[in-house]
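Worksheet for the structure shown next.
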Ligand SMILES: Cc1cc2nc3c(=O)[nH]c(=O)nc-3n(C[C@H](O)[C@H](O)[C@H](O)COP(=O)(O)O)c2cc1C
């Protein structure tokens, strides 16, 4: 069984990616039986859905961009969990995150291939309360439309997911409360994914 993390910042190796790395590390350290993979959207040519309807018939997109490389990875029947990490942009997800989610409509149209995949979300803001929870809920809406199974960050916090603050004066790695939420999110996605897909 495999869990994939998607980093949805346009900036490579920055705070969204660091947050996702910490989440995925919590999975690899605690659940060695689970395979993990990170897909970084930074630098990818990833356009928004143009509603051409091409994917109504097949798991294919009419647009010739980097999303096509992601289709075989995402249609893996061994996929048990999907973790989305987005920066907060004006109180919601990044446009890269929205473009990615809209393009995944092909998996819904071709047999609900994300049904029962366990979904977890984290958001990284420059301000401690800059819209992380709202951004998480916006991504969770897309997951519900896919008929995925949503989890939050589980015990002991048990709220909406990973909430990171990149504005910490000593860097994001010092946002201890935030780091606890992303680690906890990773473990929760893994626990539930193992129950369902293990
Ligand atoms: C266009 C834009 C809008 C932003 N809006 C918000 C916001 O509403 N709330 C917030 O807390 N941070 C906001 N930020 C800050 C980013 O969320 C923050 O710097 C984040 O850590 C960036 O992730 P990255 O380092 O992976 O690129 C915004 C940044 C940009 C570029």
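Diffusion of the chain by Stokes-Einstein, at 10 °C in a medium of 1.306 mPa s and with Rh set to the Kirkwood radius over alpha-carbon pairs, works out to 96 µm²/s. For the chain, modelled as a GNM whose springs connect Cα atoms under 10 angstrom apart, the maximal fluctuation among 16, 86, 104 occurs at 104.
Measuring r between the beta carbons of residue 29 and residue 59 and using R0 = 30 Å, the FRET efficiency lands at 0.35. A straight line joining the Cα centroids of the stretch 8-33 and the stretch 116-156 runs 15 Å. Note on residue 42/residue 173: beta-carbon distance plugged into 1/(1 + (r/R0)^6) with R0 of 25 Å gives a FRET efficiency of 0.85. For the stretch 124-193, what relative contact order do you get, as a whole percent, if you take Cα pairs closer than 8 Å and at least 6 residues apart? The value is 33 percent.
Between the alpha-carbon centres of the stretch 47-65 and the stretch 158-187 there is a gap of 35 Å. With respect to the chain, whose longest principal axis is taken over its alpha-carbon atoms, helix 15-30 is tilted by about 90°.
By the helix-only formula, in which each DSSP H run with n ≥ 4 contributes -39500 (n - 2.57) and the sum is divided by residues, the chain has a 222 nm mean residue ellipticity of -11500 deg cm²/dmol. For a quick check, take a GNM of the chain with Cα springs below 10 Å and name the residue from 121, 105, 182 with the largest mean-square fluctuation. It is 105. As a length-normalised measure over Cα pairs under 8 Å and 6 or more apart, the relative contact order of the chain settles at 25 percent. Helix 176-197 and the longest principal axis of the Cα set of the chain meet at an angle near 40°. Nearest 5 is fine: what % of DSSP beta bridges in the chain come out antiparallel, could you say? Antiparallel: roughly 5 percent of the beta bridges in the chain. Between helix 132-145 and the chain there is an angle of about 30 degrees, using the helix long axis and the longest principal axis of the Cα atoms.
Build a GNM of the chain with springs between Cα atoms under 10 Å apart, and of 98, 57, 155 the one that fluctuates most is 57.
All of the numbers you see were taken from the coordinates with simple rules; none came from a lab. In this text, all values refer to a predicted model and were calculated from it rather than measured experimentally. Note: ideal-geometry Cβ built from the backbone for every residue, glycine included; neighbour counts use all protein chains shown.
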